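The structure under discussion appears below in the form of structure tokens.
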Amino acid sequence: MSDQYRLLLNESDIPRQWYNAVADSPAAPAPVLNPQTKEPVTPEFLSALFPMELIMQEVSSDRFIDIPEEVREIYKLYRPTPLMRAIRLEKALGTPAHIYYKYEGASPSGSHKLNTAIPQAYFNKISGTKALTTETGAGQWGTALSISCSFFDMPLEVYMVRVSYDQKPYRRFLMEAYNAQVFASPTNLTQSGRAILAQDPNSPGSLGIAISEAVEVAALSNGQKKYSLGSVLNHVLIHQSVIGEEALKQMDMAGEYPDVVIGCVGGGSNFAGIAYPFLRENLRNGQRTRLLAVEPNATPSLTRGVYDFDYGDTAKMAPIVKMHTLGSDFIPAPIHAGGLRYHGMAPSLSSFYDQGLIEAIAVPQISTFEAGLLFAKTEAILPAPESAHAIRAAIDEALKAKETGEKRVILFNLSGHGNFDLSSYNAYLSGRLVDYDLPEEQISSIREHLPLSQSAPVA
Ligand SMILES: *Cc1c(COP(=O)(O)O)cnc(C)c1O
């Protein structure tokens, strides 16, 4: 065991292949359905939105997928990211636990999102896409895709959830610096946006609505524009596996192996990124690491949502997938972790949760910010509010270890820094943050709005 703070790899340690956990799932994946016909989607349907290479990855059952050298070259700008041992946090907690974190905020966009933005822009470019459309919540995804599109000289339209557009203006300026065009969603530029505004002219927006707008623009572009999603889909989770593959090597350098791996979950991509390579070690090599997904109380899709087929977006234009969901018309409370305000959860992660292979908890907003600030004061990095959910859980695990006197090894993913989230911290520090809980009525009515609700078993 080493007592190093920073565990650093070389450029040559950047993975050469992504890992596809679907290949190791004991349960077969559920089909993806066409939102109009409710029959399994055809590649033609998906090809209106995505280039063929990404569709092939989406449905792939290969365990490993080669990372193109062009993508690896760009990864070299910031990968491998550091793995840190949080020695000062351990001391502040007085815990015998060892706490490690993988720092994805070290990327130029400030989060893990660049890991998939680069290959998505690359595969679109080589297949002739003229421009991309996308949604963004807090702006992390929009920023990452803006950088990637500027590398490949592709125009980008970003539909940004209105509440974040208002709360986080600097994210917009950053996207514009890389030439992206940014709109506050709902807009009156699309049919989906206009329908929402007609009901509520002051709609705060949601990721579900912004996805509808971006999908609509791509679908109506005669193949000129394609759509790019920053989370949820298999190909996104596959790209994020570089996080966990590097972390496996770095834990090895540290001479330890994690008892628990923790990540926050919005659509599930950064959690899958760090956790799936460890899940493979559980499933194939006899390891027994607990994998813990952490979501906000305000959008508890894993811990309180239903596991069934649902639309990926509000206007019901995106494919129907089987996932843990709060319903595609769910408008989440305006919590500051914008990246965690999605109604659904990645299908593979939902399935692993359903199979009992991963665990999940939900945490309240205020104690999450408390944890984020304790981390900032000990480890110096101000975490993104999303990432602070993982920190809350890691601290709680470390405090449990203190109670029992166990030497537990805890690894969590620090998905991003919070340097553009200062208005959220200001809200916390000036006592303006509140906790949101979801009324039981809202949960019990989810099934009524599901696309296949007649055939769904009543909970
Ligand atoms: C987008 C985002 C998330 C949530 O998305 P996942 O797909 O669940 O990872 C978490 N943390 C940060 C910093 C983000 O930008």
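The values are calculated or read from the model by the stated rules, or taken from the named source; none is laboratory data. A quick note: this is a predicted structure, and the numbers were derived from the prediction, not measured. When we count neighbours, we look across all protein chains shown, and the Cβ atoms used for this are built from the backbone with ideal geometry, even at glycine.
Just one of (1) under 30 Å from ALA30 (Cβ atoms); (2) within 16 Å of the ligand (Cβ to nearest atom); (3) not aromatic (Phe, Trp, Tyr) fails for GLY356. It is (2).
For region 253-306, the set of residues classified as of a type in the set (Ser, Thr, Tyr), in contact with a His (Cβ under 7 Å, 6 or more places away or on another chain) and surrounded by fewer than 19 Cβ atoms within 10 Å (Cβ to Cβ) is empty.
A single member of GLU104, GLU58 is outside the structural domain of ASN10 (by TED's automatic domain parsing), within 16 Å of the ligand (Cβ to nearest atom), surrounded by 15 or more Cβ atoms within 10 Å (Cβ to Cβ) and within 20 Å of the chain's Cα centre (by Cα), and it is GLU58.
Conditions (1) of a type outside the set (Gly, Ala, Ser); (2) out of contact with any strand residue (DSSP E or B) (no Cβ under 7 Å at 6 or more places or on another chain), marked per residue:
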| residue | (1), (2) |
| --- | --- |
| ALA384 | no, no |
| ALA390 | no, no |
| ASP396 | yes, yes |
| GLU403 | yes, yes |
| PHE412 | yes, no |
| HIS417 | yes, no |
| PHE420 | yes, yes |
| ALA427 | no, yes |
| PRO451 | yes, no |
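Per the conditions (1) over 18 Å from ILE126 (Cα atoms); (2) over 24 Å from the mean Cα position of the chain (by Cα); (3) surrounded by fewer than 18 Cβ atoms within 10 Å (Cβ to Cβ), the sole criterion not satisfied by GLU69 is (1). Candidates ALA390, ALA371: the one that is over 30 Å from PHE309 (Cα atoms) and small (Gly, Ala, Ser) is ALA371.
Residues of region 129-164 that are among the small types (Gly, Ala, Ser) and either modelled with pLDDT of 95 or more or within 14 Å of ALA117 (Cα to Cα) (or both): ALA131, GLY139, GLY142, ALA144, SER146, SER148, SER150.
Restricting region 183-208 to residues that are more than 20 Å from LEU220 (Cβ to Cβ) and surrounded by fewer than 24 Cβ atoms within 10 Å (Cβ to Cβ), the residue that is modelled with the lowest pLDDT is PRO204. Only residues that are within 16 Å of the ligand (Cβ to nearest atom) and more than 28 Å from ALA144 (Cα to Cα) were counted across region 248-286, and they come to 0.
Within the set THR133, THR116, THR81, the sole residue that is closer than 23 Å to ALA318 by Cα, touching a strand residue (DSSP E or B) at 6+ places or on another chain (Cβ under 9 Å) and in contact (Cβ under 8 Å) with a residue 60 or more places away in the chain turns out to be THR133.
Look through GLU245, GLU216 and report the one residue that is away from the ligand (no atom under 13 Å from the Cβ), in the same structural domain as TYR342 (by TED's automatic domain parsing), acidic (Asp, Glu) and touching a helix residue (DSSP H, G or I) at 6+ places or on another chain (Cβ under 7 Å).
From the options GLU245, GLU216, the qualifying one is GLU245.
From the set of residues in region 128-158 that are β-branched (Val, Ile, Thr) and within 11 Å of the ligand (Cβ to nearest atom), which is surrounded by the most Cβ atoms within 10 Å (Cβ to Cβ)? Of everything passing the filter in region 128-158, THR136 is surrounded by the most Cβ atoms within 10 Å (Cβ to Cβ). Taken together, the residues in region 9-45 that are in a helix (DSSP H, G or I) and at pLDDT 95 or above amount to 7. Exactly one residue out of THR289, THR303 is within 16 Å of the ligand (Cβ to nearest atom) and free of Cβ contacts under 8 Å to residues at least 60 places away in the same chain, and it is THR303.
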